[in-house]
Structures are given as C-alpha cells and as structure tokens.
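These notes concern the structure reproduced below.
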Amino acid sequence: MSKKRIIIILGLVVALLPLLGIPRAFREGLSVLAGLAIAAVAFLLRRKSRDEAPAERNDTFSQNGTQSAFSGVMGTNHKEPPVS
C-alpha cells in the first residue's frame, strides 16, 4: 500500500472516530495513534521527495523577450511604438 493511500485511510479513521460510538478512552488512544502514524508517514514522504529532488536547483527568473509594462493588461498584448 502506498504511503499516500495510508495517509488518506488514517485521515478517514480520524474523521470517523467520533461517530463510531466506541468508549472515550479507546477513541482518544486511537486518535493519538492515528495522528502519530500520519505524522510518521508524512515525514517519510517528505524525506523521500527531498532525496529524489534534483541536486542542483536553479531558482533564477528569466523573462522571455521584452515586454512593456502594459503588455497583458486587460487582455491586450500590444507593444508600445518605438520612441524616435
């Protein structure tokens, strides 16, 4: 079973626990265990995604072409005429 599916199932268990009519102490214990399990699986997913991320990150922004300040405003995509 995938970790994402485990989180979904545990989330449903936590959501349905108050409606099941089980004794309070048992319900609270299950809530704590389910919450810890969700946190553990989420931690493992985060670690896995971080390990699979590319080693080199390039977060720089580059703009394609030149555009005026009015390009794209109100659905228009015109350029200003050149200044003589």
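N58: at pLDDT below 65 and either in a loop (DSSP other than H, G, I, E, B) or out of contact with any helix residue (DSSP H, G or I) (no Cβ under 8 Å at 6 or more places or on another chain) (or both), yes or no? In short, yes. Anything in the range 1-27 that is over 23 Å from the mean Cα position of the chain (by Cα), charged (D, E, K, R) and surrounded by 12 or more Cβ atoms within 10 Å (Cβ to Cβ)? List them, or say none. R27 - this is the single residue of the range 1-27 that is over 23 Å from the mean Cα position of the chain (by Cα), charged (D, E, K, R) and surrounded by 12 or more Cβ atoms within 10 Å (Cβ to Cβ).
The values are calculated or read from the model by the stated rules, or taken from the named source; none is laboratory data. What you see is a predicted model, and the numbers here were worked out from it, not measured in a lab. Backbone-built Cβ (ideal geometry, glycine too); neighbour counts: all protein chains shown.
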